[in-house]
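Only one structure is covered here, and it is reproduced in the block below.
FYI, it's all coordinate maths here, none of it is from the lab. The shown structure was predicted, so the numbers you read here are calculated from the model rather than taken from an experiment. We place every Cβ from the backbone using ideal geometry, glycine too, and count neighbours over all the protein chains shown.
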Amino acid sequence: MIVVIIKENFCLAPFNTFGIEVLAYNLSIITNISNLEQLHKAGKLKGRVLVLSKGSNILFTKNFDGLVLLNQMWGKEIIKETAQYIYLKVNAGEFWPSLVEYAVENGWGGLENMTDIPGKVGAAPIQNIGAYGAEIKDVMESLEAFNLDSGEVETFSNKDCKFSYRTSIFKTEFKHKYFITSVTFKLSKQHSLNISYKPLFEAFRDKNIDDITIADVSSEVAKIRASKLPNPDNLKNAGSFFKNPVVSKDKFNEIKLSYPDIPNYPLVNGDYKVPAAWLIEQCGWKGKRQGNIGVHEKQALVIVKYGKASGNEIKQLADSIKNSISKKFNIELEMEVNIL
Ligand SMILES: Cc1cc2nc3c(=O)[nH]c(=O)nc-3n(C[C@H](O)[C@H](O)[C@H](O)COP(=O)(O)OP(=O)(O)OC[C@H]3O[C@@H](n4cnc5c(N)ncnc54)[C@H](O)[C@@H]3O)c2cc1C
């Protein structure tokens, strides 16, 4: 029997996009389901376990005193094809931007608005990733996940995942209970483009919709993202640090009295989504730097790390931002990044 190797006191700096230097007491590289089965059989999944993919949505504030399962499950295959759809099963360790590129190159639509989100496929359903008016819930058929308690592989339908804005069942009741091993996507051969999101709409304003391809949408998204968001390879960050808060109509109208230009997205239930970036900007945080950390100058939602800094310093900055918004607007921001 092949024994899965468990490394001790393993530095996680290269495995999180903030580049935080913490240790995993134990770490095992997972390339297939039988690695997980062996660890389960050996009783190694009973204590604290963390599944780590690309580390682009995590802030480590201390060493991880348990077992890190590093997701490196590569591979993808078409499992079904109809006149209209391709059903593509993708293993959890595939890099999301490469998957989007592959789908666009093959002319399969549905992922193009989510170009360049820098995580791995297995992590994408956890917070129902989304960008420019699209979310993974719009294109995910099902997923397979290894139950860390029972050692069984289970299938979850789209509905089972209880997706909503930046969350799923895997961020709530099943948090840290499963290792998602693969995701199956239903991609369309006949495209219906989604360019309603303002920056995309503006970019294509002068074009006839029939002349726009999914490759055009993907490259426009890449361009817009590159102009606003720092690339973690050059400037360490974990993307949007906070979720956009949802407030009641009364609360929204109250803020509007003092801030008539407040940007907003009305929701079907009568509530309003307010951009967290705008709130942060109103509190004077945009572009502010404290030592080696700060708030990005072009996107106030992103906390960046310029040099050596600890996860705790970043967490303290995030708390200060949260407190000032609570004080000024009486709105409680929720962190999108997973704090560990
Ligand atoms: C510059 C930048 C831009 C970004 N833009 C966006 C954006 O537009 N939209 C968006 O939604 N997000 C965005 N993100 C956030 C992030 O890229 C996504 O949330 C991504 O899906 C995280 O993937 P990951 O592989 O890095 O996950 P990780 O950070 O490794 O993990 C995130 C969480 O998921 C869990 N997890 C990871 N893999 C698995 C698995 N296989 N099974 C079970 N649990 C797992 C982890 O334990 C952790 O709790 C951005 C981040 C950066 C740095």
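Which of the aspartates and glutamates could be linked to residue 207 by a straight reach, that is with a Cα gap under 16 Å, when you skip same-chain ones fewer than 8 residues away? Cα-Cα hits under 16 Å: 216, 220. About the centre of its Cα atoms, the chain shows a dipole size close to 1000 debye [charges on the beta carbon of Lys, Arg (+1) and Asp, Glu (-1) only; nearest 20 debye]. Among 294, 19, 55, the largest mean-square fluctuation in a Gaussian network model of the chain (Cα springs under 10 Å) belongs to 294.
Beyond 31 Å in Cα-Cα separation lie the following of the pairs 89/175; 89/223; 89/298; 251/315: 89/298.
Of all aspartates and glutamates in the structure, those lying under 13 Å Cα to Cα from residue 120, and not within fewer than 8 positions of it along the same chain, are 94. The charge dipole of region 77-120, taken about its Cα centre with unit charges on the Cβ atoms of Lys, Arg (+1), Asp and Glu (-1) only, comes to about 200 debye. Note: relative contact order over region 115-237, using C-alpha pairs below 8 Å and six or more positions apart, is 27 percent. Of the beta bridges in the chain, as assigned by DSSP with both residues counted there, near 80 percent are antiparallel.
The trypsin sites (Lys or Arg not before Pro) of region 305-336 meeting both criteria, a DSSP state outside H, G, I, E and B (loop) and at most 13 other C-beta atoms within 10 angstrom of the site's C-beta, are 308.
For region 76-228, count all C-alpha to C-alpha pairs, find those more than 18 Å apart, and express that count as a whole percent of the total. For region 76-228, the fraction of Cα-Cα distances above 18 Å is 57 percent.
Summing +1 for each Lys or Arg and -1 for each Asp or Glu among the other residues whose beta-carbon sits under 9 angstrom from that of residue 299 gives +2. Over the Cα atoms of region 174-310, each weighted equally, I'd like the Debye log10 I(q)/I(0) at q = 0.12, 0.16 Å⁻¹, rounded to two decimals. Normalising to I(0) and taking log10 leaves -0.77, -1.15. Working note: Debye formula, equal point scatterers on the alpha-carbon atoms of region 285-340, no solvent; log10 I(q)/I(0) at q = 0.23, 0.26, 0.29 Å⁻¹ is -0.96, -1.16, -1.31.
Which GluC sites (Glu not before Pro) from region 171-241 combine a DSSP loop assignment with at most 15 other Cβ atoms within 10 Å? Passing both the DSSP loop test and the Cβ count: 173. Listed by Cβ neighbour count within 10 Å, with the fewest neighbours leading, 85, 102 appear as 102, 85.
Shape of region 1-126 from the C-alpha gyration tensor: oblate (a/c of 1.5 or more and a/b not above b/c, with a ≥ b ≥ c the square roots of its eigenvalues).
Of the residues 180, 239, 201, the one whose Cα sits farthest towards the positive end of the charge dipole of region 129-243 is 239 (charges of +1 on Lys and Arg Cβ, -1 on Asp and Glu Cβ, taken about the Cα centre). GNM, the chain, Cα, under 10 Å: largest mean-square fluctuation among 186, 175, 120? In this elastic network of the chain, the residue with the biggest mean-square fluctuation among 186, 175, 120 is 175. Taking every C-alpha pair closer than 8 Å and separated by at least 6 residues, the mean separation divided by the residue count of region 7-71 gives a relative contact order of 42 percent. Checked against a 32 Å cut-off, the cross-linked pairs 137/327; 177/327; 228/256; 54/249 give Cα-Cα distances beyond that limit for 137/327; 177/327; 54/249. How would region 236-339 be classified by its alpha-carbon gyration tensor: rounded, prolate or oblate, with rounded meaning a/c under 1.5 and the a/b versus b/c comparison settling the rest? In terms of gyration-tensor shape, prolate. Projected onto planes of every orientation and averaged, the convex hull of the alpha-carbon atoms in region 7-71 covers 4.1 nm².
The GNM of the chain, with springs linking C-alpha atoms under 10 angstrom apart, assigns the highest mean-square fluctuation among 113, 71, 231 to 231. With 10 Å bins beginning at zero, the pair-distance distribution over Cα atoms of the chain amounts to 5, 23, 32, 26, 12, 2, 0 %. Each of 278, 108 was scored by other Cβ atoms within 10 Å of its Cβ. Listed from fewest to most, they are 278, 108.
Based on C-alpha pairs under 8 angstrom that are at least 6 apart in sequence, the chain has a relative contact order of 16 percent.
Among the trypsin sites (Lys or Arg not before Pro) in region 198-268, those placed in a DSSP loop whose Cβ has at most 16 other Cβ atoms within 10 Å are 205, 207.
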